[in-house]
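The structure follows.
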Amino acid sequence: MEMQTDFKNEQVELKKTKRNPFNGKPTGAFVSASWSALFIGMISFCIGLWNAEMLLNEKGYYFTILLFGLFSVISVQKSVRDKQEDIPVTDVYYGISWVTTIASILLLIIGLWNADLELSEKGFYGMSFTLALFSAIAVQKNTRDIKWIDREDK
């Protein structure tokens with residue numbers, strides 16, 4: 001019995017030595033999925049606006065909220081990551097990035113709540129907006145991780 005255990009331990013050690021150590025770099029599949037989700041969310045939102053029967057100023061309102069939200073979540077992700085890596089971030093910028101992120105989400109909710117749209121259309125805009133914001137955070141994180149790891153490898 002002891003001999004079997006030793007043999008299994010040797011096999012486990014052999015497998016451990018053959019594996020490449022995980023360096024934290026995002027896989028190509030995850031990077032591709034993040035970028036795809038970002039484009040799908042943004043393009044879907046914009047196609048929905050293009051086909052919507054609403055005034056041009058309403059379309060402009062929703063498009064501006066999309067751009068505002070994307071910029072805001074990227075700012076939040078960047079400031080959170082900067083703080084994590086001990087890169088100085090002012091509390092004012094950190095606070096503003098959170099306030100603008102929350103404001104963009106609230107502005108979309110208020111706009112959709114008061115819009116004369118079908119419930120399914122409101123859900124479509126909400127979900128494509130959410131997909132775009134979340135994937136923008138993932139794209140920003142991936143970009144930063146790749147740059148950081150590539151810099152360490154040099």
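We did not get these values from a lab; they are worked out from the coordinates using the rules stated. Keep in mind the model is a prediction, meaning the values are calculated, not measured. Note that each Cβ is placed from the backbone with ideal geometry, even for glycine, and that neighbours are counted across all protein chains shown.
Separation of the range 95-119 and the range 39-67 by C-alpha centroid, Å?
Between the Cα centres of the range 95-119 and the range 39-67 lies a distance of 14 Å.
Give the peptides 92-99, 73-80, 121-128 in descending order of average Cβ contacts within 10 Å, highest first.
Details: 92-99: 14.2, 73-80: 19.4, 121-128: 16.6.
Ranked by mean Cβ neighbours within 10 Å, highest first: 73-80, 121-128, 92-99.
Something else about it: Suppose the chain between residue 82 and residue 25 were pulled fully straight at 0.36 nm per residue; how much longer would it get relative to their current alpha carbon spacing?
Details: separation 57, 0.36 × 57 = 20.52 nm, distance 1.78 nm.
So the chain would gain 18.7 nm between residue 82 and residue 25.
So what's the back-of-envelope 222 nm ellipticity for the chain, counting only DSSP H runs of four-plus at -39500 (n - 2.57) apiece and dividing by all residues, rounded to 500? If you can, show how the numbers build up before the last one.
Working: 5 runs with 129 residues, N = 154.
Result for the chain, helices only: -30000 deg cm²/dmol.
Only one of the values (1) 12, 39, 31, 14, 4, 1; (2) 10, 29, 24, 16, 10, 7, 4, 1; (3) 11, 35, 30, 17, 7, 1 was calculated from this structure for P(r) over Cα pairs in 10 Å bins from 0, in percent; name its label.
Only one listed value fits the structure, namely (2).
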